[in-house]
Amino acid sequence: MTVSEFVVFEGIDGSGTSTQIAALKKRLEGKKVFFTCEPTDRETGKFLRKVLKGEIAVAAQTAAYLFAADRCEHVYGKGGIAERCGKKEACICDRYLFSSLAYQSIECGEKLPAKLNEDFPLPQTAFYFRIDPKIALKRIQNRSVVEIYEKLDFLQKTAAAYDKIFAAFDKKNTGMNIIRIDASLDAAEIEKIIWSALQKLPIFES
Ligand code: TMP
């Protein structure tokens, strides 16, 4: 099932999704749009941030369950995506289940993340930011905290997994529109591509 008010941004670390979401937030200022991200800022997400920083070590499988639990709260919890989209509020999310299918598949295989995420609703549009992991890693090199997945070999595998996952969704005819973005382009250019795609959606028509 796809949800027409729901838009997701995906890509490996350093692909620039957060920069684009920040630009969109500015553009849509004053409009009733729910900007959100995963891991969430709920308790489940706060726990995951500690895992990502390496402060808490968990098994790869546990991480897959934790990301799915955080997502479950995000979608079905109070003030979550299902409730808001149900009231025709647009929801724009930085990362969603595709992150689990890509990242968690590297360490625990494809089966577990696929099983844990098979029943979540799909967005109307998924922007998939494609970029060479070497360029992506260079962009995030100066950050003070390096997260557990921010390593070249891991991101290379994750980028390949993302390609595979979205190609499989292309064939599934779910109704989800997958828009691939060349994330090596200039930020202003990417912003134009995204805005022109979003304007076609009834929820963003002015
Ligand atoms: P970000 O906040 O900079 O996007 O970082 C979140 C990190 O969490 C990023 O490395 C991807 C990872 N992640 C997963 O591994 N699985 C998931 O389901 C989600 C939502 C994120």
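The values are calculated or read from the model by the stated rules, or taken from the named source; none is laboratory data. What you see is a predicted model; the values in this text were computed from it and never measured. Please note: Cβ atoms are built from the backbone with ideal geometry, for glycine as well, and neighbour counts cover all protein chains shown.
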Original post:
If you go through segment 168-179 one residue at a time, do you hit one that is of a type outside the set (Gly, Ala, Ser) and within 14 Å of the ligand (Cβ to nearest atom)?
Top reply: no
**OP:** Scan segment 49-83 residue by residue and report those that are outside any loop (DSSP other than H, G, I, E, B) and over 30 Å from LYS31 (Cα atoms).
**Re:** LYS50, VAL51, LEU52, LYS53, ALA60, GLN61, THR62, ALA63, ALA64, TYR65, LEU66
**OP:** Tell me which residues, restricted to segment 73-101, are among the small types (Gly, Ala, Ser) and within 8 Å of the ligand (Cβ to nearest atom).
**Re:** SER99, SER100
**OP:** Looking only at segment 84-96, decide whether some residue is in a helix (DSSP H, G or I), surrounded by fewer than 21 Cβ atoms within 10 Å (Cβ to Cβ), without any contact (Cβ under 8 Å) to a residue 24 or more places away in the chain and within 17 Å of the chain's Cα centre (by Cα).
**Re:** no
Original post:
Does at least one position in segment 58-72 carry a residue that is more than 15 Å from the ligand (Cβ to nearest atom) and small (Gly, Ala, Ser)?
Top reply: no
Subject >> Filter pass, GLU107 being surrounded by fewer than 20 Cβ atoms within 10 Å (Cβ to Cβ), within 11 Å of the ligand (Cβ to nearest atom) and at pLDDT 95 or above >> reply: yes
**OP:** Scan VAL3, VAL33, VAL51, VAL8 and give me the residue that is surrounded by 15 or more Cβ atoms within 10 Å (Cβ to Cβ), among the β-branched types (Val, Ile, Thr), away from the ligand (no atom under 13 Å from the Cβ) and modelled with pLDDT of 95 or more.
**Re:** VAL33
Subject >> Cross-chain or 6+ apart pairs with Cβ under 7 Å, segment 101-122 first and of a type outside the set (Lys, Arg), then assigned to a loop (DSSP other than H, G, I, E, B) >> reply: TYR103/TYR149; PRO121/MET1; LEU122/MET1; LEU122/THR174; LEU122/MET176
Subject >> Residues that are closer than 17 Å to ILE181 by Cα and in a strand (DSSP E or B), drawn from segment 1-46 >> reply: VAL7, VAL8, PHE9, GLU10, GLY11
Original post:
Among the residues of segment 186-203, which ones are among the aliphatic types (A, V, I, L, M) and surrounded by 15 or more Cβ atoms within 10 Å (Cβ to Cβ)?
Top reply: ILE190, ILE193, ILE194, ALA197, LEU198, LEU201, ILE203
**OP:** Just name the residue that is farthest from GLU55 (Cα to Cα) out of those in segment 133-153 that are of a type in the set (A, V, I, L, M, F, W, C) and surrounded by fewer than 18 Cβ atoms within 10 Å (Cβ to Cβ).
**Re:** ILE135
Subject >> Subset of segment 158-177 [out of contact with any Ser or Thr (no Cβ under 6 Å at 6 or more places or on another chain) and buried (at least 18 other Cβ atoms within 10 Å of the Cβ)] >> reply: THR158, ALA159, TYR162, ILE165, PHE166
